[in-house]
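> Take a look at this one; I'll ask things after.
Please treat every number below as a calculation from the coordinates, not as lab data. This one's a predicted model, so the numbers in the text were calculated from it and none came from an experiment.
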Amino acid sequence: MRVLERLGLGTALAAAVTGVIFIGACSKQVPGTAEVNQGELASYTSEVAASSAAASSSRAAKIEKANDTACDGLRSANKTSVGSFNAYIEASNDQAPDADAKATEAVTTLRNSAKDLDRRITADVIPELSGPLRDYVAKTNTLADTLERRVPTDELNGVIDTFNASKDIAIDVCRPYGS
């Protein structure tokens, strides 16, 4: 045999003997019964509970902030939209020369307010708020579309009624939230 073959055979034999020794050493059982260290268990349980409470509290704060932000957004959007729309209505009722310009301005304001509010309705906003707020956004856009087409007064009044109903619901559900 060559030297390398003998060295390889010797290494393989040494590895096999070492493996048998380790297997023999690991197969021994330790007598006794496993017991929980009650002090460590209590400490661990306390840490897990505190961590869970902190996460829950953090999540609740995040939801509350999202609700407040969305409802403050509603109030701001509604104030701006209604103010601009009422300026158009007044100009239209007075047959003012700038009535068409005020209508165009109201359309832009309605759409921008709806977009701004829609951005504030995040996934953290509770469904009891997000549903009515999204409906308000949709009705605001419908009012903008209707005004942009310069429809007859009767048709516009019907859309205004639908918008106002949606607005009233959204404002009502937002009462406890925001400033």
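> Once you have a ≥ b ≥ c as the square roots of the Cα gyration tensor eigenvalues for region 81-128, tell me rounded if a/c is under 1.5, and otherwise prolate or oblate according to whether a/b is larger than b/c. Can you show the working numbers first?
Numbers: a/c = 6.61, a/b = 3.20, b/c = 2.07.
Prolate, because a/c is 1.5 or more and a/b exceeds b/c.
> Can you give the Kirkwood hydrodynamic radius of region 48-179 from its Cα pairs, in Å with one decimal?
On the way: mean 1/r = 0.0631 Å⁻¹.
Every distinct Cα pair counted, the radius reaches 15.8 Å.
> Can you work out ³J(HN,Hα) from phi for every residue in region 151-162, in order, using Karplus 6.51 cos²θ - 1.76 cosθ + 1.60 and θ = phi - 60°, giving whole Hz and x for Gly and Pro?
6, x, 4, 4, 5, 4, 4, x, 5, 4, 4, 5
> Find how much the distance from residue 179 to residue 162 grows on full extension, using 0.36 nm per residue of separation minus their present alpha carbon separation; answer in nm with one decimal. Intermediate values should be presented prior to the final figure.
Numbers: separation 17, 0.36 × 17 = 6.12 nm, distance 2.60 nm.
Contour length minus the Cα-Cα distance gives 3.5 nm.
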